[in-house]
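Asker: The structure under discussion is supplied below as structure tokens; questions concerning it will follow.
All of the numbers you see were taken from the coordinates with simple rules; none came from a lab. Predicted model, so just to flag it, every value in this text is computed and none were measured. With ideal geometry, Cβ positions are generated from the backbone for all residues, glycine too; neighbour counts draw on all protein chains shown.
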Amino acid sequence: MDLLDPLVRTAEPDDVPAIVGLVHELAAYERASECCVLTEAQLHAALFGVRPALFGHVALAGGQVVGCALWFLNFSTWRGVHGIYVEDLYVQPAHRGQGHGAALLKELARECARRGFARLEWSVLDWNKLATSFYASLGAKAQDEWTIYRLSGSALAALAES
């Protein structure tokens with residue numbers, strides 16, 4: 001395999017254990033291990049159930065899954081078309097700098113082009129300078145004028161019950 005063009009393919013059911021492992025590694029990297037409770041059964045159902053709402057691609061090195069991109073569709077009411085929101089993009093540290101992350105994002109950009117989607121979006125922690133520099137090198141622009149809000153846990157339950 002040419003390191004400048006890592007093998008990226010659509011995730012398959014046999015990849016689920018490796019992808020779950022990568023998601024847990026990502027949570028640890030983001031200093032939030034205790035928040036990650038994803039199981040193989042949950043991921044398998046989300047990716048390969050009757051109505052999949054999550055999609056995935058994997059990066060391979062030496063036949064092993066070393067990175068992944070998990071994504072779902074969003075929709076721009078202003079543009080009138082779908083886009084892709086990347087929930088997780090992760091490459092194991094030992095395989096970074098070899099083009100795997102760029103190859104995953106390139107494949108998602110191609111997916112957008114094939115489907116006529118308007119955007120490819122994701123979030124990154126502001127302290128993750130390695131990631132922000134990488135994304136900027138690809139031409140991605142930070143959307144600093146928007147602030148993400150989240151309801152979860154007891155606040156979500158309280159609003160639902162009110």
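Asker: Within a 10 angstrom radius of the beta carbon, how do I148, I84 rank from fewest other beta carbons to most?
Answerer: Details: I148 6, I84 22.
Result, fewest neighbours first: I148, I84.
Asker: If you don't mind, another one. Please give me the summed charge of the neighbours of F48: other residues whose Cβ is under 13 Å from its Cβ, Lys and Arg +1, Asp and Glu -1. Intermediate values should be presented prior to the final figure.
Answerer: Values: positive: R51; negative: E12, D14, D15, E40.
Every neighbour counted, the sum reads -3.
Asker: OK, next. Under 1.5 on a/c is rounded, so check that first for region 1-74, then, if it is not, pick prolate when a/b is larger than b/c and oblate when it is not; a ≥ b ≥ c are the square roots of the alpha carbon gyration tensor eigenvalues. Walk me through the intermediate numbers first.
Answerer: Details: a/c = 1.85, a/b = 1.20, b/c = 1.54.
Judged from the Cα gyration tensor, region 1-74 comes out oblate (a/c at least 1.5, b/c at or above a/b).
Asker: Sticking with this structure for a sec: If I take every Cα pair under 8 Å that is 6 or more residues apart in the chain, average their sequence separation and divide by the length, what percent do I get for the relative contact order? Walk me through the numbers on the way to the answer.
Answerer: Numbers: 206 pairs, mean separation 32.4, N = 162.
The value is 20 percent.
Asker: I want to verify a result. In a Gaussian network model of the chain, Cα cutoff 10 Å, which of these has the top mean-square fluctuation: V37, V23, V124?
Answerer: Highest fluctuation of the listed residues: V37.
Asker: State the answer as a single residue: which of G83, G97, P13 lies farthest towards the positive end of the charge dipole of region 1-142, with beta carbon charges of +1 for Lys and Arg and -1 for Asp and Glu, about the Cα centre.
Answerer: Selected residue: G83.
Asker: Here's a follow-up. Check E87: other-chain or 5+ apart residues with amide H under 5 Å from its amide H, H built from backbone geometry?
Answerer: Here L70, W71, F72 satisfy the definition.
Asker: Okay, next question. Nearest 0.05, what FRET efficiency do E145 and V81 give at R0 = 25 Å with Cβ-Cβ as r? Mind showing how you got there, number by number?
Answerer: Values: r = 22 Å, r/R0 = 0.87.
After rounding to 0.05, the efficiency reads 0.70.
Asker: Test of understanding: extend the Cα→C-beta vector of C36 to 7 Å, then name every residue of region 84-109 with backbone N under 14 Å from that spot.
Answerer: The answer is 87-94.
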